[in-house]
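Taking it in order: structure first as structure tokens, then the write-up.
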Amino acid sequence: MPPPTPWLTSSGGKARDEGVNYYRRSTSQASCSARRSLKTNLCKWCDSTAPACEEKVCYSNCNLNSYCEDPYEICVAIWRQDNESIRISTLCHNPQRPIENLMVPNYNTSRCVMSHQPSEDGIIYICGCVDEQECNDKLIFENHTNGYSMLQSKEVIPVAAISLLPPLLVAVMITVIFYLCRTQKRRKRAKAWAGKQGQPPALLEQGKATEREEKLSVLMDESPAGTSAGRRPAELLPIELDEMVGKGQFAEVWRAKLSRSHSGQYETVAVKIFPCEEYSSWKNESQIFTDSSLRHDSVLQFLTAEDRGAGPRREYWLITAYHSRGNLKDYLSRHVLSWMDLQKMAGSLVSGVAHLHSDYTACGRPKIPIAHRDIKSTNVLVKNEQECVLCDFGIAIRLDPSLTVDDFANSGQASMSCQPSLEEPFAATPTSRG
């Protein structure tokens with residue numbers, strides 16, 4: 001008969017109880033170890049990876065993970081950007097200790113919110129998180145701006161600049177060419193207009209530039225006796241006086257015909273005629289008119305100045321554009337303006353005064369300001385239903401900075417002596433027409 005089995009005996013029963021207790025203790029220890037492992041964080045753990053970004057969030061792109069050894073360790077992600085390259089490091093770390101001389105900020109959260117850290121080795125962001133598995137995989141940047149988008153913007157800016165440079169250069173070249181063409185065209189028109197207004201057609205066809213300049217110039221001699229024949233235009237304009245439209249104390253204003261060709265075509269102009277003894281008045285007004293910077297749409301158009309005849313019958317002419325509607329005073333006495341027409345007419349008048357007083361022309365060229373000193377309705381001509389022009393610069397003065405106070409005072413006294421007498425009924429008419 002075989003011997004009895006040990007655990008069936010009393011001593012065997014005791015051994016069985018000890019084995020059961022050992023199994024229970026081992027199971028309990030394993031359970032405790034498992035419970036401790038559940039309290040640690042499961043984190044992404046890679047030394048260096050390239051991030052993958054989608055819109056406003058980036059991912060570490062790390063395929064490895066690990067449980068942290070200690071329950072107080074957290075998941076950490078470090079973003080490094082240097083020389084236009086980005087690398088991500090993920091690991092477990094004790095937040096009470098520095099990592100690469102940096103402390104992990106704001107780690108008591110389940111979201112890995114990146115925080116910028118000052119560094120001399122490029123751009124560094126760092127974040128920490130707990131209580132969620134692999135929470136350092138999803139990298140969130142504040143203000144919806146991440147390093148990847150910053151890198152992309154740095155790459156896009158030079159590419160965009162290089163792409164836009166050729167169109168910008170072409171646009172600048174087109175603008176410069178257009179400006180030069182417009183300027184050249186204006187100069188040609190100005191020369192053609194000057195020749196057309198100041199010369200007979202026969203002289204234009206012959207192309208006598210010297211005679212044209214002499215014809216458009218104004219004789220600026222100190223006295224009538226000092227005006228030599230050599231200073232006169234080579235040929236006077238072919239003007240035929242038609243009708244006197246006004247007479248004042250110092251001058252008469254005539255409507256005249258300026259012949260344009262041998263076929264009998266003509267242009268209507270206004271001629272303000274000064275007698276020989278009023279040479280100084282003619283000279284003062286012609287000096288104002290011959291200033292090229294005076295030209296403006298709201299200033300009476302000046303054609304030329306001439307002296308005609310000899311001896312006591314010598315006369316001095318100012319030839320200007322003719323406006324059949326007359327001066328503003330007479331026009332308003334015959335017409336009722338609408339509010340819109342009144343605004344436009346007043347605007348043109350203000351524009352002319354502003355041009356006189358300005359230190360620069362409309363093109364930006366410096367000019368000497370001019371004070372009209374006699375603006376009134378009889379010295380404003382109606383150009384059309386919505387425009388006016390200033391005329392009668394008999395007492396106007398150029399505000400030249402080189403002049404002294406005495407010069408201004410003497411100029412004013414000399415000019416005032418040329419004003420028409422208020423006792424004569426036609427005193428204002430020539431100034432308004434001329």
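Considering only C-alpha atoms, what is the centroid distance from the stretch 51-103 to the stretch 361-378, in Å?
Result: 76 Å between the Cα centres.
Please compute the modelled spin-label separation between Arg398 and Glu54, points set 7 Å along Cα→Cβ, answer in nm with one decimal.
Going from the Glu54 label point to the Arg398 one covers 8.0 nm.
Test of understanding: what is the full-extension gain from Glu240 to Leu164, defined as 0.36 nm times their sequence separation minus their Cα-Cα distance?
21.0 nm
Per-residue counts of other Cβ atoms within 10 Å, averaged by peptide: what ranking do you get for 175-183, 316-324, highest first?
Details: 175-183: 10.1, 316-324: 21.0.
Top of the packing list down: 316-324, 175-183.
Just to verify a number: FRET efficiency for Asp330 and Val353, C-beta to C-beta distance, R0 = 25 Å, to 0.05?
0.75
How big is the charge dipole of the stretch 42-145 about its Cα centre, in debye rounded to the nearest 20, if each Lys and Arg gets +1 on its Cβ and each Asp and Glu gets -1 on its Cβ?
Details: 7 positive and 16 negative charges, 24 e Å.
Dipole about the Cα centre, nearest 20: 120 debye.
Express the Stokes-Einstein translational diffusion coefficient of the stretch 42-145 in µm² s⁻¹, to the nearest whole number, given a Kirkwood radius over alpha-carbon pairs, 4 °C and a viscosity of 1.567 mPa s.
Estimated via Stokes-Einstein, D reaches 96 µm²/s.
Using 1/(1 + (r/R0)^6) with R0 = 51 angstrom and r between the beta carbons of Glu277 and Asp341, what's the FRET efficiency to the nearest 0.05?
Numbers: r = 42 Å, r/R0 = 0.83.
Computed FRET efficiency for Glu277 and Asp341 comes out at 0.75.
Can you pull the Kirkwood radius for the stretch 234-382, inverse mean 1/r over Cα pairs, to one decimal in Å?
Its Kirkwood hydrodynamic radius stands at 17.2 Å.
The stretch 331-417: Rg/Rh from Cα coordinates, Kirkwood Rh?
Details: Rg = 15.5 Å, Rh = 14.7 Å.
Reported Rg/Rh, Kirkwood definition of Rh: 1.06.
At what distance in nm do the modelled label points of Val405 and Met103 sit from each other, each positioned 7 Å from its Cα along Cα→Cβ?
7.7 nm
Computed from the coordinates by the stated procedures, all read-outs in this text should not be read as laboratory data. Treat the numbers as computed from the prediction; the structure is a model and nothing was measured. Quick reminder, even Gly has a Cβ in these numbers, built from the backbone with ideal geometry, and neighbours come from all protein chains shown.
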